[in-house]
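Inspection log for the structure reproduced underneath, given as structure tokens.
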Amino acid sequence: MTVTLDPPGRFGVYGGRYVPETLMASLIELEAAFEAAWKDNTFRAELASTLADFVGRPTPLYFAQRLSRDWGGRVFLKREDLTHTGAHKINNAVGQALLARRMGKRRIVAETGAGQHGVATAAACARLGLQCRVYMGALDCERQRPNVERMKLLSAEVSACEGGTRNLKVAINEAIRDWVAHPEETYYLLGSAVGPHPYPTIVRELQSVIGIEAREQFTRREGRLPDAVIACVGGGSNAIGIFAPFLEDAVALFGVEAGGDSPDHGSCTLSHGRRGVLHGAMSYVLQDGEGQITGTHSIAPGLDYPGVGPQHSALKDSGRVKYEIETDATALSAFHELSRAEGILPALESSHALAFARRYLRENPGRCVIVNLSGRGDKDLPSIMARGARHA
């Protein structure tokens, strides 16, 4: 599905390009290159082949029978955790890596929070013989150590960012600085549906394979559309990927933000933020009265970000998508329920979506929902075990 932007690069008032002049030419070059590639059947065929043979698509739409019984509805999981490298991030990484090679770029820089985008980018670069440098907040390096080692094994150089909050925001800052310093030879492989135009559009289009598959799989199985589609939202790539093909359908869409220790102390950009500019685009941003970016917290590093994609900002304003909050505690509870009931360890990011699905079904018994299980939980085991092997 292609969503028309009016004017180009904008989702209503959101989006745009708020970048140093040195990057404007690179963004214009990227926009033209992506538009040409997306219309090129040869590029699309290579992408489709890569998604099938390297990534492992299509991923299953799994009916969680025991969880459905416990929650009082019908729960279907879109199993992005079963992709190569273990999360939805690989869909975007392989697409942009192919685009970078097409553009003649041999050096890739990327940011990562939970580490999954870094691993996916490192894997895509290794496959195509591209140099790869991944920026990661020092705090995230500590709590996602296995993914740091995976990136290094895939020949990526990992740079731990010590400044400020030591998380995803800082990693994006450093990746952009690198890109500004080396715009000719470097491709910035942005991992979420954030940043200056055309990145939110590129990421949405590459991730929409999730929703295209889920819509077709559910319709073929059930003979109708689901009542609701639910996904976690940090920057928002997995959510916009599954939402986009359903936007024109009579299906409720819910994005779930991270409430941290409490709904007032987390990473709830769409719930508590105001319009502002962050990382090159206008969107909702968590900021204080003077416009300074405020700190965030989530047990899920991939949701620990004070901004959000511009299309999500527009979808909030229009009311087409409802954005909800789940805390560390409710996400951990949902993690353990799925693990025990279905034998699946979800990522802590995805566990926020599961927690809201549980709440939604208890308030609306008998409904059918698709939850985007955006990643697997292996990476989160140290954090989970630190909070107790079992959670009430």
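The values are calculated or read from the model by the stated rules, or taken from the named source; none is laboratory data. Computed from a predicted structure; not experimentally measured. Here Cβ is always computed from backbone atoms with ideal geometry, including for glycine, and neighbour counts include all displayed protein chains.
For the reader, a short list of remarks on this structure follows.
- Restricted to the stretch 75-134, and to residues there that are among the basic types (Lys, Arg) and crowded, with 24+ Cβ neighbours inside 10 Å, the residue that is nearest to Tyr62 (Cα to Cα) is Lys78.
- Count - residues of the stretch 37-52 that are farther than 18 Å from Ala126 by Cβ, in a helix (DSSP H, G or I) and of a type outside the set (Val, Ile, Thr): 8
- Identity of the residue in the stretch 225-258, small (Gly, Ala, Ser) and farther than 18 Å from Ser374 by Cα, that ends up surrounded by the fewest Cβ atoms within 10 Å (Cβ to Cβ): Ala250
- Residue pairs whose Cβ atoms lie under 6 Å apart, separated by 6 or more positions or on different chains, with the first residue in the stretch 99-113 and more than 13 Å from Gln131 (Cβ to Cβ) and the second charged (D, E, K, R), are Gly113/Asp140.
- Counting only strands (runs of 3 or more DSSP E) that sit wholly inside the stretch 244-292, those with at least 3 residues that are at pLDDT 95 or above are 252-262, 274-278, 281-285.
- Extreme residue, nearest to the chain's Cα centre (by Cα), among residues of the stretch 305-325 that are more than 12 Å from Cys232 (Cβ to Cβ), in a loop (DSSP other than H, G, I, E, B) and touching a residue at least 24 places away in the same chain (Cβ under 8 Å): Gly309
Here's the yes/no breakdown for (1) part of a helix (DSSP H, G or I); (2) out of contact with any strand residue (DSSP E or B) (no Cβ under 9 Å at 6 or more places or on another chain); (3) among the basic types (Lys, Arg):
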position	(1), (2), (3)
Phe54	yes, yes, no
Asp81	yes, no, no
His84	no, yes, no
Met136	no, no, no
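- Matching residues in the stretch 340-351 - criterion: being out of contact with any strand residue (DSSP E or B) (no Cβ under 7 Å at 6 or more places or on another chain), closer than 15 Å to Trp71 by Cβ and in contact (Cβ under 8 Å) with a residue 12 or more places away in the chain: Ala341, Glu342, Ile344, Ser351
- Among the residues of the stretch 137-156, those that are surrounded by fewer than 19 Cβ atoms within 10 Å (Cβ to Cβ) and under 21 Å from Cys125 (Cα atoms) comprise Arg145, Pro146, Glu149, Lys152, Leu153, Ser155.
- Test result for Arg69, in contact (Cβ under 8 Å) with a residue 60 or more places away in the chain and not acidic (Asp, Glu): no
- Exclusive hit being in the same structural domain as Arg177 (by TED's automatic domain parsing), out of contact with any strand residue (DSSP E or B) (no Cβ under 9 Å at 6 or more places or on another chain) and surrounded by fewer than 18 Cβ atoms within 10 Å (Cβ to Cβ), set Glu31, Glu35: Glu35
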